[in-house]
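This report refers to the structure that appears directly beneath it.
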Amino acid sequence: PFNFDEVERIVSSELGVRLSKAFADFEPTPIAAASLAQVHRACMRDGRAVVVKVQRPNIRELIVDDLDALGEIAQFLDSHTELGRRYEFENMLSDLRKSLLRELDFTVEAQNLVTIGQNLEEFDDIVIPEPIDDYTTTRVLTMEYIAGKKITTLSPLRLLEIDGPGLADDLFRGYLKQMLVDGLFHGDPHPGNVFLTDDDRIALLDLGMVGRLTRTFQDNLLRLLLAISEGRGELAAEAAIKMGE
């Protein structure tokens with residue numbers, strides 16, 4: 001975690017108001033810290049419980065410097081090695097650059113929360129936190145607090161209390177809809193981002209990383225799944241080859 005003085009400085013400068021004016025309460029100790037940001041619990045003036053995701057100081061500049069260094073390496077490899085000519089590392093790096101810079105704009109993540117939340121409205125057991133627009137900028141994301149625990153930290157007794165198969169089925173169908181129907185899906189569903197809420201639902205957190213699929217890719221993915229489900233290996237192989245191209 002980085003120092004709370006930096007948190008206060010960043011949030012105040014981004015929101016244009018002192019921390020004490022913006023929030024009724026703001027916990028100085030983060031509940032999570034990762035490579036791009038850390039998260040603090042807070043309480044709005046109207047009593048709403050929220051979490052505030054604050055971007056690390058100077059992380060954009062650090063990432064841009066790293067990408068420039070990688071760019072020089074990729075350019076050299078593409079120009080001087082057979083491996084580079086085959087795989088075109090500069091093209092790969094271009095995609096990585098776009099993805100990382102999107103992740104550094106928290107307004108994009110806020111829009112992902114809204115869009116995927118709307119796309120999954122039909123699933124009563126899946127919940128996505130809503131962003132607080134007036135308290136969100138490129139470097140600060142404020143969203144509703146969802147009480148729960150990481151799925152991997154649940155006790156055996158707690159697991160007996162919930163409808164595990166039902167939740168797993170809903171989660172699976174939710175991801176199928178994201179990929180086969182919506183073409184936009186939560187791209188980072190590790191256990192830290194999948195919570196069991198206190199009211200026994202599944203919460204999907206951290207939508208900074210999402211994937212997008214073209215209609216053609218969705219069609220091939222559907223063909224692959226149907227071929228697998230019908231045990232037709234040759235059709236599955238054909239679909240996989242098309243997707244690989």
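The values are calculated or read from the model by the stated rules, or taken from the named source; none is laboratory data. These numbers come from a predicted model, not from an experiment. Glycine gets a Cβ as well: all are built from the backbone with ideal geometry, and neighbour counts include every protein chain shown. We work out accessible area using only protein heavy atoms, side chains counted, and drop any ligands, DNA or RNA first. Shrake-Rupley method; radii C 1.70, N 1.55, O 1.52, S 1.80 Å.
Annotations for the structure displayed:
- Test: residue in the stretch 39-56 that is more than 21 Å from the chain's Cα centre (by Cα) and part of a helix (DSSP H, G or I): no
- Matching residues, the stretch 166-175, being of a type in the set (A, V, I, L, M, F, W, C) and without any contact (Cβ under 8 Å) to a residue 40 or more places away in the chain: A168, F172
- Of all residues making up the stretch 6-21, the number that are in contact with a Leu (Cβ under 8 Å, 6 or more places away or on another chain), of a type outside the set (A, V, I, L, M) and either modelled with pLDDT under 95 or open to solvent by less than 50 Å² (accessible area, probe 1.4 Å) (or both): 1
- Every pair of residues 6+ apart whose Cβ atoms lie under 7 Å, when the first sits in the stretch 205-216 and is more than 16 Å from A37 (Cβ to Cβ) while the second is among the aromatic types (F, W, Y) and in a strand (DSSP E or B): V210/F185; G211/F185
- The condition of being open to solvent by less than 20 Å² (accessible area, probe 1.4 Å) and touching a residue at least 24 places away in the same chain (Cβ under 8 Å) holds for only one of L113, L180, that being L113.
- Residues of the stretch 81-107 satisfying the condition of being part of a helix (DSSP H, G or I), loosely packed, with under 13 Cβ neighbours inside 10 Å and of a type in the set (S, T, N, Q): N91
- Failed item in (1) in a strand (DSSP E or B); (2) modelled with pLDDT under 95; (3) open to solvent by less than 70 Å² (accessible area, probe 1.4 Å), with R158 passing the rest: (1)
- Which numbered condition N3 fails, given (1) of a type in the set (S, T, N, Q); (2) in contact with a Lys or Arg (Cβ under 8 Å, 6 or more places away or on another chain); (3) open to solvent by 70 Å² or more (accessible area, probe 1.4 Å): (2)
- The residue that is farthest from G166 (Cα to Cα), among those in the stretch 120-137 that are open to solvent by 40 Å² or more (accessible area, probe 1.4 Å) and in contact (Cβ under 8 Å) with a residue 60 or more places away in the chain, is Y135.
- Lone qualifier among D78, D66 - being open to solvent by 40 Å² or more (accessible area, probe 1.4 Å) and assigned to a helix (DSSP H, G or I): D66
- Check on D78, of a type outside the set (A, V, I, L, M) and in contact (Cβ under 8 Å) with a residue 24 or more places away in the chain: no
- Pick from the stretch 22-58, criterion basic (K, R) and more than 23 Å from L100 (Cα to Cα), ranking: most open to solvent (accessible area, probe 1.4 Å): R45
- Among the candidates D199, D170, D219, residue that is in a loop (DSSP other than H, G, I, E, B) and either out of contact with any Cys (no Cβ under 8 Å at 6 or more places or on another chain) or surrounded by 16 or more Cβ atoms within 10 Å (Cβ to Cβ) (or both): D199
- Looking only at residues of the stretch 6-38 that are hydroxyl-bearing (S, T, Y) and assigned to a loop (DSSP other than H, G, I, E, B), we find that the one that is nearest to G208 (Cα to Cα) is S35.
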